[in-house]
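Visitor: Before I ask anything, here is the structure I am working with.
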Amino acid sequence: MTRRVLGIDPGTAVTGYGVIEPLPNRLGRLVECGVLRTRARAPLPERLDTLFTGVVELLATHQPEVVAVEGIFYAKNVRTSLTMSHARGVILLAAVQGGATVVELPPAVVKKAVVGRGRATKGQVAYMVQQLLRLQKPPAPADAADGVAIALAHLLLRGRRR
C-alpha cells in the first residue's frame, strides 16, 4: 500500500497542497492541507526560493512516498504559463531531491477522477473532496482543496496507470 501522498497545485503567488494517508478500508484520511504563499511584489527568484523551501519543509514533515503535481495547462497568457512552469520546476526538483516518486496529472484528469467530469468547477472539486474524505466541510482555501484533489486523483487512478 502506498504511504502518504502529497498533492500540489503549483502557483508562484499561492501554491495549494494536501497530504493524504491511504487507509485499508477507505480511500484515505486528510493529514494536512493548506497553502504556501509568496510575497506579491517579490522578485521571481525570491518567490521560487520561498516555494522550494516550503515544499522541502512539507517533505521533511510528512515524508510522502509520492508527490502528485498538477501538470501544465495552457493559459491564454503565455507569461502566466511560463511563470507557472518556473513554480512547477522548483516543486519537481524539491520532490526528487526529497526522494519521493513524482507523478504529474493534467488538470482535466484530476477533475475527471475526483468529480467525474473533466470540466468541473472549483466548487464541485471541493465538494467531492469533502465527500470522498468524509470531511465536515470542504478544505479551504480553494487552492488547498485543489492540492487535496490532486493527491486524491493519484490514489483513485494509481491502479489504472500501472
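Visitor: Taking only region 1-25 into account, find how many residues are free of Cβ contacts under 8 Å to residues at least 24 places away in the same chain, among the hydrophobic types (A, V, I, L, M, F, W, C) and in a strand (DSSP E or B).
Guide: Kept after step one, since they are free of Cβ contacts under 8 Å to residues at least 24 places away in the same chain, are these residues of region 1-25: 1, 21, 23-25.
Next cut, among the hydrophobic types (A, V, I, L, M, F, W, C) only: 1, 23.
The next check asks that each one be in a strand (DSSP E or B); those that pass are 23.
Total satisfying the criteria: 1.
For (1) within 14 Å of the chain's Cα centre (by Cα); (2) within 18 Å of Val110 (Cβ to Cβ); (3) open to solvent by 10 Å² or more (accessible area, probe 1.4 Å), each residue gets a yes or a no:
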site	(1), (2), (3)
Thr12	yes, no, yes
Thr15	yes, yes, no
Pro43	no, no, yes
Val78	no, no, yes
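Visitor: Got a number for residues in region 111-155 being open to solvent by less than 60 Å² (accessible area, probe 1.4 Å) and either aromatic (Phe, Trp, Tyr) or out of contact with any His (no Cβ under 9 Å at 6 or more places or on another chain) (or both)?
Guide: Counting residues in region 111-155 that are open to solvent by less than 60 Å² (accessible area, probe 1.4 Å) and either aromatic (Phe, Trp, Tyr) or out of contact with any His (no Cβ under 9 Å at 6 or more places or on another chain) (or both) gives 31.
Visitor: Given (1) in contact with a Lys or Arg (Cβ under 8 Å, 6 or more places away or on another chain); (2) over 16 Å from Tyr17 (Cα atoms), identify the lone condition not met by Asp146.
Guide: (2)
Visitor: Counting just the residues of region 45-71 that are among the acidic types (Asp, Glu) and touching a strand residue (DSSP E or B) at 6+ places or on another chain (Cβ under 7 Å), which one comes out surrounded by the fewest Cβ atoms within 10 Å (Cβ to Cβ)?
Guide: Glu65
The values are calculated or read from the model by the stated rules, or taken from the named source; none is laboratory data. Treat the numbers as computed from the prediction; the structure is a model and nothing was measured. Please note: Cβ atoms are built from the backbone with ideal geometry, for glycine as well, and neighbour counts cover all protein chains shown. Heavy atoms of the whole protein, side chains included, go into the accessibility calculation; ligands, DNA and RNA do not. Shrake-Rupley method; radii C 1.70, N 1.55, O 1.52, S 1.80 Å.
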